[in-house]
Amino acid sequence: MTGTHSSLPAPVARVWEPLLERSRSKRALLLMAPLLLFELLLFVAPFLILLRISVTEGSTDLRYAPGTWSLEGYAEVFTTDVLLGAIAYSFKMGLAATAIAVVIATGYAYAIWRAEGLLKSLLLFSVVLPLLTTLVIKTYAFWPLLSPTGTVNDILVSLNLISEPIQFVPGTTGVIVGQVYIVLPYAVLAIYSVLSTMDWGLVEAARDLGASRPRAALEIVVPQAMPGIIVATVISFAWSVGAYAAPGLLGAGDDLAFALEVEKRLLSNLQWEIATAYALVMLLLMLVSIALLTAVLNVFGGEFEYA
Amino acid sequence: MHRETIEDALFRASYLSILAFMLLPLAVVVVTSFAESGQLLFPPENYSLVHYRGFFEETRWISAFDNSILVGVGTTIVATTLGVTAAFGHELDDGRAGQVLAPLVLVPLLIPPIILGISMRVYFVKAGMDASYLSIILAHTLWATPLVYFVMRSVFSRFDWRLLDAARDLGAGPIQSFVYAVLPNVKHGIFVGALLAFIVSLQEFVMALFLSSHNTETIPVVAWTTLRQSLDPMVSVVSTFLILISIGAIAVAAIATNLDWLSKQLS
């Protein structure tokens, strides 16, 4: 073994040898090395470059000015109403979509867990199919359904529930419906995979002790499913706040999501330092709010368990 | 008794309406692809195959189809190789490297694809390989690998490792023992992982949008740019093909494993 070590170039050996000392087998490390290297080259390195570009000076003729240092990009982010407004919009839309999706997903995951045979397969299929379908189709499909001349409005008008068609699309309602549709499969599966390990006997015990069925579901099933609900919330939130497809295709002019602003600054305005600073600020805000959200939900889960 | 009947009916009504919500939009896409008019209406007034003929006459869609397949196959090969080897290594030894690897592989799934798209565009422009097939393949691999990796970790955790030890004791080398002792027991898992990687690549569009040029654009990218100009039943035609591919893939994966297991792996 020492023979192969000494043949390594010095910088490689400096990283490799401590790693090897901490692991039990060299073969295992060699097997993991390609993926580790891939992640470093294609994920970590691009991020470091993004970080570097966000602190360069803006330049009018180039896409960005290499070698310079400046905080202009960040200053622009924190002083421009449009940029701050887009962040606020993304968070509001994201919270709404997450709340709706997680509530629906908990019920649906429970239904899948309870179901048997063909119904169970059908319910699972209804979750897996949208999951494996492109975002473009999923959002586009809501146009013929939700537009003022769409199916939903036709039905509502013919039932005399409304007199004038409602403009769901383009508009915030449409964006939220579309976004809920996008994240719902992930949320359902995250909760279902936890629920499926749960013992049905617990619910029966609660029922025997006199709990009504809704109460048994709320006090037994929900706390048991809490780890899945937390994962579902985090995934739904991260995906909704960063959403591009739903606001881009279903939103009206005033539904400016952060992702659309980033795209504009980068591709149309070629303001690389602003676009990168903006993306990084947003990412930081997302990570902080995800951490807070998880902490809050953890406390919630704990309370339920000891109640 | 009466109250329980009402509860049952309410519960059934609510999950069936969500079932409808899940499947209706996809049904709308398929049905509108058979519309006769150029307007996007559901249900359409008249049915015809005119947009299907249009699809096969339009070179932009056909070349996007080729690009999608090329990128999908490339992503499948890279992601499956990386995911299977790393999951195997992680199962052999969950030391420090494994502890770093699992979150590192997972994190890209939580970062908005638009941010990943920007970072990789900037990166590939610097590397002089922007708008190439390779850049899209590598970007999709970033998303497809976690799926392969976590599917394989779950598969390897159910594998009886004494088989590998037995093969080694009987004198098989590392590659031989993998091929004869491990591979036959995990090949369904590898197949499902590869299939998911292909589907992920076929459906992804935000990163592809940032990384493709006119020559390398994939089907969802063309669909997106077309839709931003006008709503067009031609997109329904393309979408119908993509939905059919997904249904086929789910059927194949469900036969190889089962739907319940597959669903749990996806979360």
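Mind telling me which of the residues B:SER263, B:SER246, B:SER201, B:SER213 ends up being more than 10 Å from chain A (Cβ to nearest Cβ) and part of a helix (DSSP H, G or I)?
Result of the check over B:SER263, B:SER246, B:SER201, B:SER213: B:SER201.
Please find, within segment A:165-200, the residue that is nearest to B:LEU24 (Cα to Cα) out of those that are among the small types (Gly, Ala, Ser) and touching a Leu at 6+ places or on another chain (Cβ under 8 Å). Step through it out loud before you land on a result.
We begin by selecting, within segment A:165-200, every residue among the small types (Gly, Ala, Ser); these are A:171, A:174, A:178, A:187, A:190, A:193, A:196.
So of that shortlist, the ones also touching a Leu at 6+ places or on another chain (Cβ under 8 Å) come out as A:171, A:174, A:178.
On the way: A:GLY171: 20, A:GLY174: 15, A:GLY178: 13 Å.
Ranking the qualifying residues of segment A:165-200, first place goes to A:GLY178.
If we keep just the residues of segment A:184-200 that are closer than 18 Å to B:LEU147 by Cα and not aliphatic (A, V, I, L, M), which is nearest to the other protein chains (Cβ to nearest Cβ)?
Of everything passing the filter in segment A:184-200, A:SER193 is nearest to the other protein chains (Cβ to nearest Cβ).
Here's a check for you: in segment A:99-133, which residue that is charged (D, E, K, R) and part of a helix (DSSP H, G or I) is farthest from B:GLN265 (Cα to Cα)?
Residues of segment A:99-133 that are charged (D, E, K, R), as a first pass: A:114, A:116, A:120.
Filter once more, so that each one left must be part of a helix (DSSP H, G or I): A:114, A:120.
Details: A:ARG114: 19, A:LYS120: 17 Å.
By that ranking, first place goes to A:ARG114.
Which condition does A:ALA96 not pass, out of (1) within 30 Å of B:ASN258 (Cα to Cα); (2) at pLDDT 95 or above, if it passes all the others?
Here A:ALA96 meets the rest and fails (1).
Which residue, of B:ALA102, B:ALA79, is open to solvent by less than 10 Å² (accessible area, probe 1.4 Å), within 12 Å of chain A (Cβ to nearest Cβ) and part of a helix (DSSP H, G or I)?
When all the criteria are applied, what remains is B:ALA79.
Residues being crowded, with 20+ Cβ neighbours inside 10 Å, touching a residue at least 24 places away in the same chain (Cβ under 8 Å) and small (Gly, Ala, Ser): count how many of those fall in segment B:213-248.
The total comes to 3.
Condition check ((1) over 24 Å from A:GLY242 (Cβ atoms); (2) open to solvent by 10 Å² or more (accessible area, probe 1.4 Å); (3) more than 23 Å from the chain's Cα centre (by Cα)) across all residues:
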| site | (1), (2), (3) |
| --- | --- |
| A:ALA105 | no, no, no |
| A:LEU146 | no, yes, yes |
| A:THR149 | yes, yes, yes |
| A:ASN160 | yes, yes, yes |
| A:PRO165 | yes, yes, yes |
| A:THR172 | no, yes, no |
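Is there any pair with a first residue in segment A:252-275 that is of a type in the set (Gly, Ala, Ser) and a second that is surrounded by fewer than 21 Cβ atoms within 10 Å (Cβ to Cβ) whose Cβ atoms are under 7 Å apart and which are 6 or more apart or on different chains, and what are they?
A:ALA252/A:PRO170; A:ALA252/A:GLY171
Conditions tested, residue by residue: (1) within 11 Å of chain B (Cβ to nearest Cβ); (2) of a type outside the set (Ser, Thr, Tyr); (3) under 27 Å from A:VAL77 (Cβ atoms).
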site: A:VAL222; (1), (2), (3): no, yes, no
site: A:VAL234; (1), (2), (3): yes, yes, yes
site: A:TRP239; (1), (2), (3): yes, yes, yes
site: A:GLY248; (1), (2), (3): yes, yes, yes
site: A:ILE274; (1), (2), (3): no, yes, yes
site: A:ALA279; (1), (2), (3): yes, yes, yes
site: A:LEU293; (1), (2), (3): no, yes, yes
site: A:PHE300; (1), (2), (3): no, yes, no
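Looking at segment A:66-84, which of the residues that are in contact (Cβ under 8 Å) with a residue 12 or more places away in the chain and more than 16 Å from A:LEU280 (Cα to Cα) is most open to solvent (accessible area, probe 1.4 Å)?
A:TRP69
Determine, yes or no, whether A:LEU95 is open to solvent by less than 10 Å² (accessible area, probe 1.4 Å) and among the aliphatic types (A, V, I, L, M).
no
Specify the residue that is least open to solvent (accessible area, probe 1.4 Å); the eligible residues are those in segment B:149-185 that are away from chain A (no Cβ under 14 Å), under 24 Å from B:LEU104 (Cα atoms) and not small (Gly, Ala, Ser).
Among those that are away from chain A (no Cβ under 14 Å), under 24 Å from B:LEU104 (Cα atoms) and not small (Gly, Ala, Ser), it is B:VAL155.
Within 11 Å of another protein chain (Cβ to nearest Cβ) and surrounded by 15 or more Cβ atoms within 10 Å (Cβ to Cβ) - does that describe any residue in segment B:49-63?
no
Starting from residues that are closer than 14 Å to A:PRO185 by Cα and in contact (Cβ under 8 Å) with a residue 24 or more places away in the chain, keep the ones in segment A:107-123 and report whichever is most open to solvent (accessible area, probe 1.4 Å).
Only one residue tops the list, namely A:TYR110.
I want to confirm something. Restricting to segment B:1-23 and keeping residues that are within 8 Å of chain A (Cβ to nearest Cβ) and surrounded by fewer than 17 Cβ atoms within 10 Å (Cβ to Cβ), which single residue is nearest to A:LEU132 (Cα to Cα)?
The extreme case among them is B:LEU23.
Only one of B:ALA87, B:ALA97 is part of a helix (DSSP H, G or I) and over 23 Å from B:HIS140 (Cβ atoms). Can you tell me which?
Residue meeting the stated conditions: B:ALA97.
Within segment A:261-275, which residues are open to solvent by less than 20 Å² (accessible area, probe 1.4 Å) and more than 14 Å from B:ILE111 (Cβ to Cβ)?
Passing the criteria: A:GLU261, A:LEU266, A:TRP272, A:GLU273, A:ILE274, A:ALA275.
Answer with yes or no whether B:SER177 is in contact with a Lys or Arg (Cβ under 9 Å, 6 or more places away or on another chain) and not basic (Lys, Arg).
Yes, satisfied.
Kindly list the number of the only condition in (1) open to solvent by less than 40 Å² (accessible area, probe 1.4 Å); (2) out of contact with any helix residue (DSSP H, G or I) (no Cβ under 6 Å at 6 or more places or on another chain); (3) among the acidic types (Asp, Glu) that fails for B:ASP260.
(1)
Can you tell me which residue among B:LEU24, B:LEU40 is under 26 Å from A:LYS138 (Cβ atoms) and in contact (Cβ under 8 Å) with a residue 60 or more places away in the chain?
Residue meeting the stated conditions: B:LEU40.
Taking segment A:201-220 on its own, how many of its residues are away from every other protein chain (no Cβ under 14 Å) and touching a helix residue (DSSP H, G or I) at 6+ places or on another chain (Cβ under 6 Å)?
The total comes to 3.
The values are calculated or read from the model by the stated rules, or taken from the named source; none is laboratory data. Quick caveat, the model's predicted, so the values are computed rather than measured. Virtual Cβ from ideal backbone geometry, glycine too; neighbours counted across all protein chains shown. Protein only, heavy atoms only, side chains kept; ligands, DNA and RNA dropped before computing areas. Shrake-Rupley method; radii C 1.70, N 1.55, O 1.52, S 1.80 Å.
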